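The values are calculated or read from the model by the stated rules, or taken from the named source; none is laboratory data. This structure is a prediction, so every number in the text was calculated from the model and none was measured. Neighbour counts run over all protein chains shown; Cβ positions are idealised from the backbone, glycine included.
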Amino acid sequence: MSAWIERVWYGGSRWRFLLWPLSWLYLLVVAIRKTIFTMTKPSASEVGVTFARPPVIVVGNLTVGGAGKTPLVIALVEYFQRRGLRPGVVSRGYGGVSESYPVLVERNPDPRLTGDEPALIHMRTGCPVVVAPKRAEALQKLLDVYDCDVVISDDGLQHLALPRDMEIVVVDAQRGWGNGLCLPAGPLREPVRRVQSVDLVVSNGLHAQVNADYTMQLRPVRWKKVSGEEEKGANYFAGRTAHAVAAIGNPGRFFATLADLEVASIQHAFPDHYSYAQKDIEFNDDLPVLMTEKDAVKCKSFNLENAWYLEVGAELNSTFYERIDARLNELRSHKKDG
């Protein structure tokens, strides 16, 4: 995200007033699109969903850029796996380009085809993941190939054709809803009132600027070598200087984490979903190169001697998972009654 857009959306720049007319036009297009979809809503078979499907949980956000959806998706997958369930994930696969879709994300995925986030989810959890621009097609392919009893959509809140039984919105605690305006004057994909119709709002971080049902904290777990199996504790680089590269929605969050870990970082921010070349992360010194796990999935094929990624874990209150379980039990009860 450019510094100029950052100032307009999150810094109170007066440019937002000049962009207001375009935001109204954007809202008009969104409203027309929803109206047309409602009036001509296709049947399940017409959008590709031709099966008795399991529950679908959409994890999305209202803003453009990273809010922390993927860590929450991973946390949900790991929770369901601990309970003995068989979760699957569908995704748009931003940053990936394939000749055909849907794409099954399998062992040793190529993020250039699947996108970085689907590759990360599969590599971290071993969970079945299917990618397609039309998420309903990804959903059908997932359940054609895998025996899943719960499905999580990584993003897709605005994808009207995707059936869903639960919606979770993730919001960045520091950024909130920005200036509260829709694109392009602000960062919102939909008006803030959309949160009134979702099931849960999760704040990524403490002291959120907006009301949220639950707080998610990302805790550093360990450093892992990008090329190799070596691991170090989360505080291994404390007191040292290192290059920090990040191609995520909010690079500042990663840089702040490094500061909390007492790392003096030389910061290199890239656009979200950026496709790295090895030269991007080669520097004329012997300092270590630190990155996020999302960045690392795109750099594993490089020959990097001293590059490390930070594995983080999402921590949520146990009542969050109780709410998820209650909703799934409610859906199962309705299915039995039907």
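Taking the conditions (1) aromatic (Phe, Trp, Tyr); (2) at pLDDT below 95; (3) part of a helix (DSSP H, G or I) in turn, Phe302 satisfies each one other than (3).
Residue-level analysis places Val77 outside the set of residues that are among the β-branched types (Val, Ile, Thr) and over 23 Å from Tyr321 (Cα atoms). Checking each residue in the stretch 137-162 for being of a type in the set (Gly, Ala, Ser) and within 10 Å of Pro102 (Cα to Cα) picks out only Ala138.
Checking each residue in the stretch 58-82 for being closer than 16 Å to Asp147 by Cα and surrounded by fewer than 21 Cβ atoms within 10 Å (Cβ to Cβ) picks out only Gln81.
Being over 17 Å from Ala31 (Cβ atoms), surrounded by fewer than 20 Cβ atoms within 10 Å (Cβ to Cβ) and touching a helix residue (DSSP H, G or I) at 6+ places or on another chain (Cβ under 9 Å) is the filter here; which residues of the stretch 182-200 pass it? Asp199, Leu200, listed by residue number.
Might you let me know whether the stretch 195-206 holds any residue that is among the hydrophobic types (A, V, I, L, M, F, W, C) and modelled with pLDDT under 95? Yes, because at least one residue in the stretch 195-206 is among the hydrophobic types (A, V, I, L, M, F, W, C) and modelled with pLDDT under 95.
Residue by residue, here is whether (1) under 30 Å from Pro54 (Cβ atoms); (2) assigned by TED's automatic domain parsing to the domain that holds Glu117; (3) surrounded by fewer than 17 Cβ atoms within 10 Å (Cβ to Cβ) holds:
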| site | (1), (2), (3) |
| --- | --- |
| Ala296 | no, no, no |
| Ser301 | no, no, yes |
| Trp308 | no, no, no |
| Glu330 | yes, yes, yes |
| Ser333 | yes, yes, yes |
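Among the residues of this structure, Arg193 does not count as one that is charged (D, E, K, R) and under 18 Å from the mean Cα position of the chain (by Cα). Kindly evaluate Val263 against the criterion of being touching an Asp or Glu at 6+ places or on another chain (Cβ under 9 Å), assigned by TED's automatic domain parsing to the domain that holds Lys298 and buried (at least 16 other Cβ atoms within 10 Å of the Cβ). Spelling it out, it is not the case that Val263 is touching an Asp or Glu at 6+ places or on another chain (Cβ under 9 Å), assigned by TED's automatic domain parsing to the domain that holds Lys298 and buried (at least 16 other Cβ atoms within 10 Å of the Cβ).
Scanning the stretch 160-176 turns up at least one residue that is among the polar types (S, T, N, Q) and closer than 21 Å to Leu261 by Cα. Scanning the stretch 92-111 for residues that are charged (D, E, K, R) and free of Cβ contacts under 8 Å to residues at least 60 places away in the same chain, we see that the one that is surrounded by the most Cβ atoms within 10 Å (Cβ to Cβ) is Asp110. Among the residues here, Leu113 does not qualify as in the same structural domain as Val59 (by TED's automatic domain parsing) and within 12 Å of Val89 (Cβ to Cβ). Scanning the stretch 66-76 for residues that are modelled with pLDDT under 95 and in a helix (DSSP H, G or I) yields nothing. Taking the conditions exactly as written (touching a Ser or Thr at 6+ places or on another chain (Cβ under 8 Å), among the aliphatic types (A, V, I, L, M), crowded, with 19+ Cβ neighbours inside 10 Å and under 23 Å from Gly95 (Cβ atoms)), does Ala212 satisfy them or not? So Ala212 does not fit the description; no.
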